[in-house]
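Okay, so here's the structure we're looking at.
The values are calculated or read from the model by the stated rules, or taken from the named source; none is laboratory data. Not measured: the values here are computed from a predicted model. Cβ sites come from the backbone with ideal geometry, for glycine too, and all protein chains shown count toward neighbours.
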């Protein structure tokens with residue numbers, strides 16, 4: 001969580017106190033007491049402001065952005081895309097059989113897995129990209145300037161790293177990921193259309209993965 005509000009308000013108090021000292025408007029001991037009291041009040045108010053801002057934009061568990069913020073950013077990127085004729089990509093990542101993971105290993109393990117996945121997504125993106133928790137077990141990445149080819153390479157690398165982490169953690173068979181993507185403006189004129197394309201592709205991958213996993217389980221019996 002960033003502490004912009006706290007530092008801003010406390011800085012204002014220090015400037016005000018310095019102004020009083022410089023112009024000797026009040027006795028020094030009184031200035032010190034007033035400055036301390038104002039600093040404490042400013043720190044508390046700033047902390048409340050920062051927490052409210054964090055809750056409005058971030059997911060408490062994973063510490064990445066939330067769905068509300070992602071939708072707001074997508075709208076801004078759409079406007080910028082129209083103005084500058086630059087594309088952006090939407091990538092949706094779903095954890096397959098996440099409920100099974102919680103059931104088999106417990107919610108604490110499930111939460112740990114989601115946190116780890118969010119960190120991995122951040123490692124694969126730049127500061128200009130947005131990573132957000134889209135649903136309980138879904139994440140979304142909004143990447144500026146990505147062509148279709150860029151997105152395909154990005155997804156291949158991301159999927160490879162995630163599956164490697166799943167194998168290292170010895171996650172039970174059936175737990176995996178499904179990734180879908182869409183390009184704006186090539187694949188839709190509105191955000192709803194882009195999201196629908198990305199979600200449908202993700203869903204198709206999810207179905208194919210579940211079928212493949214079921215076959216592996218049958219062959220192993």
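Here is how the numbers come out for the structure above:
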quantity	calculated
Some residue of region 55-69 being free of Cβ contacts under 8 Å to residues at least 12 places away in the same chain and part of a helix (DSSP H, G or I)	yes
Residue 178 being closer than 12 Å to residue 94 by Cα, part of a helix (DSSP H, G or I) and in contact (Cβ under 8 Å) with a residue 60 or more places away in the chain	no
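Here's the yes/no breakdown for (1) touching a helix residue (DSSP H, G or I) at 6+ places or on another chain (Cβ under 6 Å); (2) in contact (Cβ under 8 Å) with a residue 12 or more places away in the chain:
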position	(1), (2)
110	yes, yes
134	yes, yes
148	no, yes
166	no, no
171	no, yes
205	no, yes
213	no, yes
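Yes/no per residue for (1) over 15 Å from the mean Cα position of the chain (by Cα); (2) assigned by TED's automatic domain parsing to the domain that holds residue 152; (3) within 25 Å of residue 203 (Cβ to Cβ):
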residue	(1), (2), (3)
62	no, no, yes
71	no, yes, yes
74	no, yes, yes
77	yes, yes, yes
80	yes, yes, no
84	yes, yes, no
88	yes, yes, yes
91	no, yes, yes
